[in-house]
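The values are calculated or read from the model by the stated rules, or taken from the named source; none is laboratory data. Only a predicted model underlies this, so the values are computations on that prediction, with no experimental measurement involved. Positions of Cβ are backbone-derived with ideal geometry, glycine not excepted, and every protein chain shown enters the neighbour counts.
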Ligand SMILES: *Cc1c(COP(=O)(O)O)cnc(C)c1O
Ligand SMILES: [Zn+2]
């Protein structure tokens, strides 16, 4: 049962309310300040650890005790993606074991579907029929696909630079495409403006407090597949910070309810051209001016869920690092040729980052999971 919403910036708690959005005191955090993102807290004592995940349900509804809403069976089926062993990559990295959590096998090919399923359930429970999001691709495609399936209207705000392959997916699913002059951050601002004006339901994971809850279910599935154990390391690419922040939260909650015993170290990977969170973890400023990368899904210059991400990384004794586009391209080829998994460029940042960590410290005897967050190929992917 969800009980409270606590602001990650000022710490103020309010009773759980499915209509809440940002902290009323902190708001959007304009002028470079962090927004007041709300975090859902639950009645953890009421969750029976032995029964956690073992209910005879499918997809996200297996985790209903730790979700803000029930995700009915009418949704496109989400999650239950395979944990793929990658022994060839493990041995070259010096790891004892390496797995790839292949979230490209979601309905629209990315982990974003876990958040979208929650967004649709919340929107429908509130009687809303139009949803919006800002996205360079996957979040919008996910929203478009789920809305097509449910008969709802999707508004996608995409930066003018979005890849034609991704925009084609939006049109295929019948979404309304709003092309915004500028980058992802400009598209985000425009989406929030129009969304509020028309009272559409937000599928912007960075602001809507409930979407991270969908994303964290990837952690539950990883631990379950490992016999309710956390691996030593969990690796994911980082843009706004919602995905890895959610992964950290999922592992913490399993310890909280007594299902697992320890936390994995989190390794977050950014592009070296746009690495505000890497800089901020090391004490610098959290804003990345210009710099371009082909890893569009993590090219976020002003990350909104920074407080969550940094808190989870620190709690886990983890770290953040940056890789170049060339390193991502090489990792993308290795994932295909040495593990049989096709990842999009952004997702390949995970392996590139783990390779970099292996140069800095020995990974001998350790186990790691790389979350393969998306598998949509763009026209320039080789
Ligand atoms: C959105 C996305 C990410 C990054 O998620 P954030 O929540 O923005 O940090 C990583 N990989 C892929 C494929 C994505 O679509
Ligand atoms: Zn606040």
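A few comments on the model shown:
- Entirely in the range 283-382, the helices (runs of 4 or more DSSP H) that have 2 or more residues that are farther than 28 Å from residue 96 by Cα and modelled with pLDDT of 95 or more: 306-315
- The one condition in (1) more than 13 Å from ligand 1 (Cβ to nearest atom); (2) within 25 Å of residue 78 (Cβ to Cβ); (3) touching a residue at least 12 places away in the same chain (Cβ under 8 Å) that residue 281 fails to fulfil: (2)
- Scanning the range 204-241 for residues that are part of a strand (DSSP E or B) and either surrounded by fewer than 24 Cβ atoms within 10 Å (Cβ to Cβ) or without any contact (Cβ under 8 Å) to a residue 12 or more places away in the chain (or both) gives a single hit, 233.
Yes or no, residue by residue, for (1) touching a helix residue (DSSP H, G or I) at 6+ places or on another chain (Cβ under 9 Å); (2) surrounded by fewer than 24 Cβ atoms within 10 Å (Cβ to Cβ); (3) under 30 Å from residue 221 (Cβ atoms):
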{"residue": "271", "(1), (2), (3)": "yes, no, yes"}
{"residue": "285", "(1), (2), (3)": "yes, yes, no"}
{"residue": "306", "(1), (2), (3)": "yes, no, yes"}
{"residue": "311", "(1), (2), (3)": "yes, yes, yes"}
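- Filter pass, residue 135 being surrounded by fewer than 24 Cβ atoms within 10 Å (Cβ to Cβ) and either without any contact (Cβ under 8 Å) to a residue 24 or more places away in the chain or farther than 25 Å from residue 223 by Cβ (or both): no
- Condition check for residue 39: closer than 26 Å to residue 143 by Cβ, assigned to a strand (DSSP E or B) and within 16 Å of ligand 1 (Cβ to nearest atom): yes
- Annotation: of all residues in the range 40-65 being surrounded by 19 or more Cβ atoms within 10 Å (Cβ to Cβ) and modelled with pLDDT of 95 or more, the one that is nearest to ligand 2 (Cβ to nearest atom) is 40.
- Scanning the range 144-165 for residues that are touching a strand residue (DSSP E or B) at 6+ places or on another chain (Cβ under 8 Å) and surrounded by fewer than 22 Cβ atoms within 10 Å (Cβ to Cβ) yields 148, 152, 153, 160.
- Summed over the range 99-120, residues that are in a helix (DSSP H, G or I) and either at pLDDT below 95 or surrounded by 24 or more Cβ atoms within 10 Å (Cβ to Cβ) (or both) total 10.
- Leading residue by the ranking (nearest to ligand 1 (Cβ to nearest atom)) among those in the range 12-25 that are assigned to a loop (DSSP other than H, G, I, E, B) and out of contact with any strand residue (DSSP E or B) (no Cβ under 6 Å at 6 or more places or on another chain): 21
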